[in-house]
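Only one structure is covered here, and it is reproduced in the block below.
The values are calculated or read from the model by the stated rules, or taken from the named source; none is laboratory data. Everything numeric here is computed off the predicted structure, so don't read it as measured data. Cβ sites come from the backbone with ideal geometry, for glycine too, and all protein chains shown count toward neighbours. Calculation scope for accessible area: heavy atoms of the full protein, side chains included, ligands and nucleic acids excluded. Shrake-Rupley method; radii C 1.70, N 1.55, O 1.52, S 1.80 Å.
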Amino acid sequence: MTATTPDVGAGEADSAARREVLRSVEESLNVVLNGDAVSIEETRARFEELMLRDVDPSRLTTSSVTAGSVPALLVHAAPDDRRPAVIVWFHGGGYILGNPRSYLPFAGALAEATGIDVLVPDYRLAPEHPFPAAFDDARSAVEWAVDRYGPGSSIVGGDSAGGGLALATTIAHRAGGGDSPLALILVSPLLDVGKTSSVCVSPVPDDRLITPLSLAIMRRAYLGSTDPRDSRVSPMYGNLGGLPPTLAMASSGEALLGDTVRFHEEATAQGSPVQVSLHDDTCHAWNLFPDTMAQAKEAVSEIAGFLRATVESD
């Protein structure tokens with residue numbers, strides 16, 4: 001496992017500024033996710049409003065596509081820099097929140113940093129569409145991307161619940177006889193929905209974004225009575241051997257840190273090449289705020305560097 005990523009700020013004042021921005025982001029997310037919204041529709045609308053609050057979507061070039069059976073948003077890299085490849089990125093939101101539009105800031109930054117178009121599938125959400133709807137849509141999108149671009153030009157990634165979808169669909173695609181994508185990127189991934197391992201207990205009890213209550217709400221809405229150890233929703237219990245080169249990133253202070261630690265241990269024990277990067281002074285799924293947080297810009301740069309190294313060694 002790689003060492004915890006150091007604070008690269010230019011001194012104490014810069015570190016204080018980074019912490020203040022982090023506090024503001026966490027507070028805004030906490031109000032949306034744990035506030036007084038009276039319906040899931042209102043919470044979804046507030047989440048999208050927050051994500052797009054300081055963003056001008058017109059500066060991005062996008063197109064609507066159908067990836068297999070799934071509507072999706074394709075965020076284009078600059079034409080002069082574009083590579084003939086695709087990053088399929090599954091948004092987070094506990095299977096009940098999020099959409100491609102809310103991920104425009106991150107997807108745009110990732111496309112710019114990598115020169116690769118980013119596809120964000122609009123997979124179906126619970127409780128309207130319970131398990132396995134999200135998994136089925138995710139798998140359809142990955143199969144479409146691999147068929148269209150080829151496995152050597154397809155990258156799969158996601159954050160939070162989207163990280164779980166990214167790993168689960170990569171495992172299922174390989175198990176179904178498909179070739180693995182070029183690389184796998186997981187940020188703050190939710191990999192064990194049932195939290196049946198003591199390793200997955202948060203070492204930091206004050207994570208306000210991922211709490212026992214929020215996990216219980218998610219399980220009830222998406223899983224119902226389904227076994228939480230089903231590898232389509234808890235890929236920690238799937239076959240972790242034979243994965244493509246994988247970058248797994250997590251905050252050292254988030255409740256899902258244990259998922260990343262355990263995944264690294266079990267996947268490497270099964271022979272998969274997994275690189276882990278742990279970040280201090282940040283929060284769950286911090287990658288979503290590249291226009292606001294220096295930590296998020298650094299995460300995007302780290303992903304781009306990992307992909308460059310993977311392409312060069314392929």
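Worth a mention:
- Odd one out for VAL300 among (1) part of a helix (DSSP H, G or I); (2) within 15 Å of the chain's Cα centre (by Cα); (3) buried (at least 24 other Cβ atoms within 10 Å of the Cβ): (3)
- Any hit, region 114-132, residues being modelled with pLDDT of 95 or more and farther than 24 Å from ALA172 by Cβ: yes
- Figure legend. Inter-residue proximity from region 217-234: first residues over 10 Å from PRO132 (Cα atoms), second residues at pLDDT below 90 and open to solvent by 70 Å² or more (accessible area, probe 1.4 Å), beta-carbon distance below 7 Å, spacing 6+ or different chains. Indicated pairs: ARG229/THR196.
- Residue within region 146-167 that is closer than 20 Å to ASN287 by Cβ, open to solvent by 30 Å² or more (accessible area, probe 1.4 Å) and in contact (Cβ under 8 Å) with a residue 12 or more places away in the chain present: no
- Taking every residue in region 39-64 that is among the aromatic types (Phe, Trp, Tyr) and pairing it with any residue that is not in a strand (DSSP E or B), at least 6 positions away or on another chain, the pairs with Cβ-Cβ distances below 6 Å are PHE47/VAL32; PHE47/LEU97.
- Selection within region 245-269 - out of contact with any Cys (no Cβ under 8 Å at 6 or more places or on another chain) and over 16 Å from ALA168 (Cα atoms): MET249, ALA250, SER252, ALA255, LEU257, VAL261, GLU265, THR268, ALA269
- Within region 15-53, the set of residues being over 23 Å from ASN99 (Cβ atoms) and open to solvent by less than 30 Å² (accessible area, probe 1.4 Å) comprises SER15, ARG18, LEU22.
- Unique match (being of a type in the set (A, V, I, L, M), under 22 Å from VAL274 (Cα atoms) and touching a His at 6+ places or on another chain (Cβ under 7 Å)) among VAL156, VAL86, VAL120, VAL142: VAL142
- Residue ID - modelled with the lowest pLDDT, chosen from residues in region 211-246 that are open to solvent by 30 Å² or more (accessible area, probe 1.4 Å) and among the hydrophobic types (A, V, I, L, M, F, W, C): LEU213
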